[in-house]
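The values are calculated or read from the model by the stated rules, or taken from the named source; none is laboratory data. Please read these numbers as outputs of a predicted model, since none were measured by experiment. Here the Cβ is made from the backbone with ideal geometry for all residues, glycine too, and neighbour counts use every protein chain on show. Accessible surface is based on the protein model in full, side chains and every heavy atom, while ligands, DNA and RNA are left aside. Shrake-Rupley method; radii C 1.70, N 1.55, O 1.52, S 1.80 Å.
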Amino acid sequence: MRLPKGTLKRAMQYASYLTPESARRKPSAIRALQPLVALPGMISLGGGMPNANLFPIKKMSFTLDDGTVMESVPSELNAALQYSPTPGLPELVKRLRTMQIVEHNPPEYEGGISISVVPGSQDGLAKIFDMLVSEQDSLLIEAPTYSGTLAALEAKGCKLVGVPTDELGLNPASLRQVLEGWDVTHDGRKPRVLYTIPTGANPTGASMNLERKREVYALAQEHELLIVEDDPYYYMQYAETRTPSFLSMDVDGRVLRTDSFSKIVSAGVRIGCVTGPKALVERMDLHNQATIMHTSGLSQYAVLQVLRHWGVGDDMPNGAANRVYPAWESHLRKNNAFYLKQCDVFFEAAAKHLRGDDGKPLAEYKRPTAGMFVWMKLLGVTDSTQLIMTEAVEKKVLLVPGSAFFPGAPKTQYVRAAFSVASHAEIDTAMQRLGDMLRTYLRKQNHKLS
Ligand SMILES: Cc1ncc(COP(=O)(O)O)c(C=O)c1O
C-alpha cells in the first residue's frame, strides 16, 4: 500500500543531532575524486588505484534458481574488482534509489534522498549510531530489541531507554509516557533518536500496523526525534500487501531507514542499504570513507546482476508510483510462502507438544505476520538463560535466551525461536524436546517446593 506523496514540512537541524566525532569528519581528499574517475573521457592520474588489467579474475558466472546463467561483463567486472565510490557501484545505487522511490514514495527532502550501500544493515546501523549517539546521550529502543544492535550500543556507554512493546511492536502510549515524563535535571539530555524494528521484529516477531506507525511518527514530530527504521524483514510480510514504512510517511526528513538483502537474496553477500536525508547519509559515508572505503565490489555486482535480471530499479518512463516489478514480487511471494509454511508447522508442533502434565500450555506466544521469529514466554520459568544453557543443550534443542535482547541481560522467562531453517520434522522434534524439557523442569521445581 502506498501513501500519498508528502512534502517537506519543516527544516530539520541535522547538525544538532550529530555526535562530536561525526561532526568532525571530513571528506577524504582522494575518495572525493572517486566519482570523477568514471566521467566519460577522464584520464586519471589521481588516486592510488591498482591496474585492473592485472587482476587475475577475468570472468564470473552464477546460476539463478530459475536456471538463468548470469555472466559477468568484462568492463563491469573490472569496475567491481577495482576501488569504487563509497556509496556503492553507481548502477546499483541508481537502481536502489528507484526501488526505494517505487516502494516507499518518500517526500522530496532538500537535495533529495540519498542512498548508500553498506556491508549489511548491521554495519549501516553501527555507523548510524556512531553518527547520532554519544556517551552522554539517551537512545530510545524497543524492549526487547535486536541483540546485534545492543552489541553496538552497549559498548558506547550511552543510556538505553527501553520502551515496552506488545503484539503490535513498540507501544506508542509507553513512548509518550517516557517522552512526556522525561526530567532533564534527573534523566539528562532528552532522547533525540528512536531505534525501531517495525516489521517482524527481532526477537518478538511483532509488526506495527499503519495506525501505530502514524502514532509513533506523530510523537517523533512532537518531540523532534529522528527515527532509525531498521527493517530487514520488511519484504517478509506474509500478507498480500505490505504495511507502509516510516520512510513512506516521512514529511520532515526525520527517518533514516536500513534495508537488508540478507533474508531475500543472501546473507553472505553482506549487502544492505541506508536511505534517508542526504545530510545524514552523506555524513555516514564519511565514516565509511575512513573505514571500509566501500562495500565489496563483487558482492555489489552480484546483487546488481540479480536486481537487473528481475528488472528492479529499471527506469520509469511514467513516474514511480504504482510501479511493480513482477519478477521481484514473484521471488518475494515464493520466499514468503516458504516462511509462512514454516510458521504454520512451528505453531502446530508447539500446540501439540507444549502442554504440561495437567494439559495446560507451557508457554505463551503470538503468531508473527512477518519475519521468522517467535517470542515465547515460558510459564513457570524465571531464568530462561540457565534453562537453555543446561537442560535444553542436554536435550539438544537450542533457542536464544530472552536476556540477550535486553540491555544488561536481565533474567527473563522469554526465549526466541526461529523457524527459518529447521525441516518440518526437525521443528516437530524440537518442540517435543522443549515440551519434555519443560515438563521435567517444572516437575523438579514442584518437587522442590513441596
Ligand atoms: C533487526 C535486525 N537488524 C539488522 C540485522 C542485520 O542484518 P544484515 O545481515 O543486513 O547485517 C538483523 C539480522 O539478523 C536483524 O535481525
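Counting 0.36 nm for each residue step from Val73 to Glu108 and taking away their Cα separation leaves a gain of 9.1 nm. Evaluating 6.51 cos²θ - 1.76 cosθ + 1.60 at θ = phi - 60° for every residue in region 190-195, the Karplus couplings come out as 5, x, 10, 9, 10, 9 Hz, glycine and proline recorded as x. Express the Stokes-Einstein translational diffusion coefficient of region 117-197 in µm² s⁻¹, to the nearest whole number, given a Kirkwood radius over alpha-carbon pairs, 10 °C and a viscosity of 1.306 mPa s. Roughly 119 µm²/s, to the nearest whole number. Most mobile of Asp358, Asp314, Asp187 per a Gaussian network model of the chain (Cα springs, under 10 Å)? Ranking Asp358, Asp314, Asp187 by mean-square fluctuation puts Asp358 first. Cross-link check: pairs Lys58/Lys334; Lys360/Lys444; Lys213/Lys278 evaluated at a Cα-Cα cut-off of 29 Å; pairs beyond the cut-off: Lys58/Lys334. Please return the longest range in the chain lying between exposed loop sites, taking GluC sites (Glu not before Pro), DSSP loop only, at most 10 other beta-carbon atoms within 10 Å, and leaving the sites out. In short, 241-450. For Lys190, a cut-off of 16 angstrom between C-alpha atoms picks up these aspartates and glutamates, skipping any fewer than 8 places away in its own chain: Glu135, Asp137, Glu180, Glu222, Glu224. Applying both filters, DSSP loop and at most 12 other Cβ atoms within 10 Å, to the trypsin sites (Lys or Arg not before Pro) of region 309-417 gives Lys396. Charges were assigned to the Cβ only: +1 to each Lys and Arg, -1 to each Asp and Glu. The resulting dipole of region 133-175 about its Cα centre is roughly 120 debye.
Simple spin-label estimate for Glu154 and Ala425 gives 3.8 nm between the two label positions (7 Å along the Cα-to-Cβ direction from each Cα).
Computed from Cα atoms alone, the Kirkwood hydrodynamic radius reported for the chain is 23.7 Å. Diffusion coefficient of region 230-381 by Stokes-Einstein, Kirkwood radius over Cα pairs, 4 °C, 1.567 mPa s: 69 µm²/s. Here region 379-450 was treated as a single set of alpha-carbon atoms; its pair distances binned every 10 Å from 0 give 19, 49, 27, 4, 0 percent. Take the solvent-accessible surface of the protein heavy atoms, probe 1.4 Å, and return the percent of it on the chain that carbon and sulfur atoms account for. On the chain, the fraction of accessible area on carbon and sulfur atoms equals 55 percent.
A Cβ-based charge dipole, computed about the Cα centre of region 174-259 with Lys and Arg at +1 and Asp and Glu at -1, lands at about 40 debye. Excluding ligands, DNA and RNA, the accessible surface per residue across the chain is 45 Å² with a 1.4 Å probe.
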